[in-house]
Amino acid sequence: MLLGVIADDFTGATDIAGFLVENGMHTIQVNGVPDKEMNIDADAVVISLKSRSCPTEQAISDSLAALTWLQQQNCQQFYFKYCSTFDSTEKGNIGPVTDALLEQLNEDFTVICPALPVNGRTVFNGHLFVFEKLLSESGMRNHPVTPMTNSNLMQLMDAQATGSTGLVDYLNIEQGAENIVNKLQQLKTEGKRYAVVDAFNANHLNEIGKAAHQLKLVTGGSGLAAGIAKNWSAHLRDQTQAKQAGYPSKLPTVIFSGSCSVMTNQQVAHYKKTAPHFAINVEDCLNKQDYSKQVCEWVMSQSTNELAPLVYATADTDALHIIQQQYGAEASSLAVENFFNDLAIQLKAAGICNFIVAGGETSGVVTQSLQVDSFHIGPQITPGVPWVKAVNDNLSLALKSGNFGDPTFFTKAQEYFQ
């Protein structure tokens, strides 16, 4: 096994797995650290955790357990994958997890590379942009769990990690991999523990990938995965059969949307114009014991429609604030998660085989409730969002990070059924 990836949420795991497959690596995704013997024949394995916004101690513990398992598979390089918008609080979890992984690997230096230019995430002079806006001026400023009010990656990393952070700016990046290696070595000699790397196009990521070939641990979003995968090209095999294994079948389908991101709001609004839809009532989630059963019956009554039914908790910023003020942010969030958990279990039992899910937290809940331990990676619906198919079950999922895709995503995802 060549590459072991630790992803801090479920959508992030499918995101990077899709890029690895697209760039030639036979990749299997597993949910959580395997607790039983698994015979995996793959170039790369992605372990999906739910460690982005959990308590820091738990994020560290889960990540180290994942690393230990990957070390036991004799992986040659390791990749800590976080969101391309660097979702994290002032105290973590990106910095503390990076430090813990470095310590377990007996390493003292790595790169910080959240850039994903194909989806508008770029780094310029160490500042993270979402399309034309600084991260701190984008919709991520109002994220209900990890509001991002600072765009300076060096400052963000220094605030939550134990070491100090340097910068490899775009002028160095554009001089190619050899120059990047030299700059990384210079920063390491100066006592830096982390190096933020500028990147605003695919060629930048390819050159950074080449330069990172000798690093035992790489950290970043999914964009750098393409450059990392190219380093292993001499060891790779034909991926045609592996990709085919991940295609979804034309079977009963449902869409869950739990994200309140700007793009997911647009996607829900667009899809509602032509497809059956059901808005979740938070009060009913809290107080009605049979609420998920009622919604399950509604979903199954819509199964003959050409387009899959949509069940959503998505709301704009103002509506979300009202809900949180009325019921409490933690209580309302937990109630919706529990609702999606129960609904997914009931729908699987009723015969639903395809789940399209928007939102990292919602994707984590659904995947855990369906009890799928590993996936084949299928075609990318949009950059960073592939279909995945259970290795040992007739279940397919499309797990979408909140801001990924365009307004037609939910319809587009259903065009891949075979």
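For the reader, a short list of remarks on this structure follows.
- A convex hull fitted to the Cα coordinates of the range 156-231 yields 92 cubic angstrom per residue.
- Rounded percent of accessible protein surface that carbon and sulfur make up, the chain, 1.4 Å probe: 47
- Excluding exposed DSSP-loop GluC sites (Glu not before Pro) (at most 11 other C-beta within 10 Å), longest clean stretch of the chain: 191-305
- Calculated on alpha-carbon atoms, Rg and Dmax of the chain in Å: 20.6, 65
- Top positive-direction residue, dipole computed over the range 208-335 with Cβ charges, set Cys285, Ile322, Phe256: Phe256
- Value of Rg/Rh across the range 262-307 [Cα atoms, Kirkwood radius]: 1.04
- Helix 56-72 vs. the chain, principal-axis angle (Cα, 0 to 90°, nearest 10): 70
- For the pair the range 371-410 / the range 306-340, the C-alpha centres are spaced 22 Å from each other.
- Mean shadow area of the range 308-362, taken as a quarter of the surface of its Cα convex hull (nm²): 4.2
- Each stretch of four or more DSSP H residues adds -39500 (n - 2.57); spread over every residue of the chain, this sum gives -12000 deg cm²/dmol at 222 nm.
- Local electrostatic count, Ala335, Cβ distance below 12 Å [Lys/Arg +1, Asp/Glu -1]: -4
- In the range 1-74, trypsin sites (Lys or Arg not before Pro) in a DSSP loop with at most 16 other beta-carbon atoms within 10 Å: Lys36
- Compared with the dominant principal axis of the Cα atoms in the chain, helix 291-301 is inclined by about 80°.
- Per residue, the chain exposes 40 Å² of accessible surface when a 1.4 Å probe is rolled over the protein heavy atoms with every protein chain present.
- Projected area averaged over orientations for the range 329-418, convex hull of C-alpha atoms, nm²: 6.2
- Label sites at Gln418 and Asp169, each approximated as a point 7 angstrom past Cα along Cα to Cβ, lie 4.9 nm apart.
The values are calculated or read from the model by the stated rules, or taken from the named source; none is laboratory data. Predicted, not measured: the structure shown is a model, and the values here were computed from it. Counting neighbours? That spans all protein chains shown, and the Cβs are built from the backbone with ideal geometry, glycine included. Protein only, heavy atoms only, side chains kept; ligands, DNA and RNA dropped before computing areas. Shrake-Rupley method; radii C 1.70, N 1.55, O 1.52, S 1.80 Å.
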